[in-house]
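Here is the structure we will look at, set down as C-alpha cells.
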Amino acid sequence: MNIPYGLEEQPAIPPCNFTSIWKVQANDTYQVSKGEGFQAPGLFITYKGTGTLTQLTNQYELHAHSYFFVQEAIPSHYSCQNDEWNFYFIDFSSLDMAHFLQLPVSEVVPTGKMTEAIQLCERIIDNLIVQPTGYAYSANIMLQEILLLFAREQSLTDTFRHTELNKILIYMHKNIDKPFRVDELVKQSGLSRTSFFTRFRSVTGLSPSHYMLRLKLESAKASLDTTTLSVKEIASTLHFYDEFHFSKWFKKSYGLSPTSYRRLNNSRQEG
C-alpha cells in the first residue's frame with residue numbers, strides 16, 4: 001500500500017550559488033588583509049590548527065572543527081596562529097540560504113560533522129578539476145549539502161525535536177500494511193512507555209495509534225484513487241477490524257464513505 005509524499009506549501013527557498021573554493025594549509029607567514037572586505041559572503045571550515053579573523057573591532061578565533069560564515073563588505077584581516085591553520089574557504093552568492101536554515105552568521109560554530117564536511121569539500125574540488133557534465137550545477141548542490149549538514153546538526157539542539165523517534169516514524173510509514181502494536185514501537189525506541197507517548201505527541205501532535213490510523217487512511221485514499229481493489233480488500237490489507245470500521249473512520253476523516261469518494265474521484269477524472 002502507498003501514501004503519496006509531497007512538499008507542503010512553504011516559503012520560496014532562496015538560491016545559494018557557488019563561486020569558488022580554496023583549500024589552504026597555512027603557517028605563520030600567512031596573512032590576508034581585505035580593506036574593503038570580502039566581495040561575496042563566504043564560509044571558513046577549519047579542520048586543523050587555528051586562525052584569527054578580525055572584522056572592524058571584532059576578533060574571532062577560528063579553531064579546528066569549527067565553521068564561520070563571513071559577511072561581505074566588512075574590512076577584514078585573517079592570519080594563521082601557532083604556525084598551523086588548515087581550512088577550506090568557500091565563497092558564494094548570498095547568505096539568504098544560511099539565514100533561511102537558521103545558521104549562525106559571524107559566529108564561530110563548533111561542529112561534529114567535520115569528516116562529512118571535508119568529504120563534500122573534496123568532492124567539490126574533484127568535480128571542478130575533472131569538470132564532468134553538469135559540474136557547475138553539481139557544485140551548487142554540494143555547497144547546499146554542506147549548509148544542510150550544518151543546519152541539521154544545529155537542529156539537534158532544538159528541545160522540541162526528539163530524533164530518537166525518527167526511526168520509529170520511518171518504520172511506521174513503511175509498515176502501514178502490518179498489524180499495529182504500540183508496545184513494539186516503545187521497545188524499539190528504548191524509552192519508557194510514558195516518555196515514548198509524551199515525546200511522540202510532542203513531535204506529531206497525535207498519539208501513536210491515531211498517527212497510524214491517519215497513515216492507513218491516507219494509504220486507503222490513495223488505493224481508492226489508483227487501484228480497483230474493493231473497499232473490503234483495502235480494509236483487510238490495512239488491517240482494519242472490518243469493512244464497517246474502515247468506512248466509519250474514512251467518512252469521519254474525509255466527509256464521504258469510501259465508495260462515494262471513489263465514485264466522485266472517478267467522475268472528476270472522466271470529466
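In region 146-157, what residues are at pLDDT 95 or above and assigned to a loop (DSSP other than H, G, I, E, B)?
none
Suppose we keep only residues that are closer than 30 Å to residue 222 by Cβ and of a type in the set (Asp, Glu) within region 158-177. Which one would you say is modelled with the lowest pLDDT?
164
Which of (1) loosely packed, with under 13 Cβ neighbours inside 10 Å; (2) at positive phi is the odd one out, the single condition residue 239 does not satisfy?
So residue 239 meets the others, but not (1).
Name the strands (runs of 3 or more DSSP E) wholly inside region 31-145 in which the number of residues that are more than 29 Å from residue 12 (Cα to Cα) and under 20 Å from the mean Cα position of the chain (by Cα) is 3 or more.
Values: elements: 31-34, 42-55, 58-63, 66-70, 76-92.
Result: empty, no element qualifies.
Step by step: first the residues of region 1-22, then only those that are over 23 Å from the mean Cα position of the chain (by Cα) and buried (at least 16 other Cβ atoms within 10 Å of the Cβ), then the one that is modelled with the lowest pLDDT. Which residue is that?
By that ranking, first place goes to 1.
What is the number of the single condition among (1) touching a helix residue (DSSP H, G or I) at 6+ places or on another chain (Cβ under 6 Å); (2) modelled with pLDDT of 90 or more; (3) closer than 24 Å to residue 4 by Cα that residue 204 does not meet?
Of the numbered conditions (1) touching a helix residue (DSSP H, G or I) at 6+ places or on another chain (Cβ under 6 Å); (2) modelled with pLDDT of 90 or more; (3) closer than 24 Å to residue 4 by Cα, the odd one out for residue 204 is (2).
Given the criterion within 13 Å of residue 143 (Cα to Cα) and either of a type outside the set (Phe, Trp, Tyr) or surrounded by fewer than 15 Cβ atoms within 10 Å (Cβ to Cβ) (or both), identify the matching residue among 83, 91, 28.
91
Given the conditions (1) within 27 Å of residue 153 (Cα to Cα); (2) surrounded by 16 or more Cβ atoms within 10 Å (Cβ to Cβ), which single one is not true for residue 71?
All conditions pass for residue 71, except number (2).
How do the pairs read when you match residues in region 106-130 that are small (Gly, Ala, Ser) with residues anywhere that are exposed (fewer than 14 other Cβ atoms within 10 Å of the Cβ), using Cβ under 8 Å and keeping only pairs 6 or more apart or on different chains?
106/58
The values are calculated or read from the model by the stated rules, or taken from the named source; none is laboratory data. What you see is a predicted model, and the numbers here were worked out from it, not measured in a lab. Glycine gets a Cβ as well: all are built from the backbone with ideal geometry, and neighbour counts include every protein chain shown.
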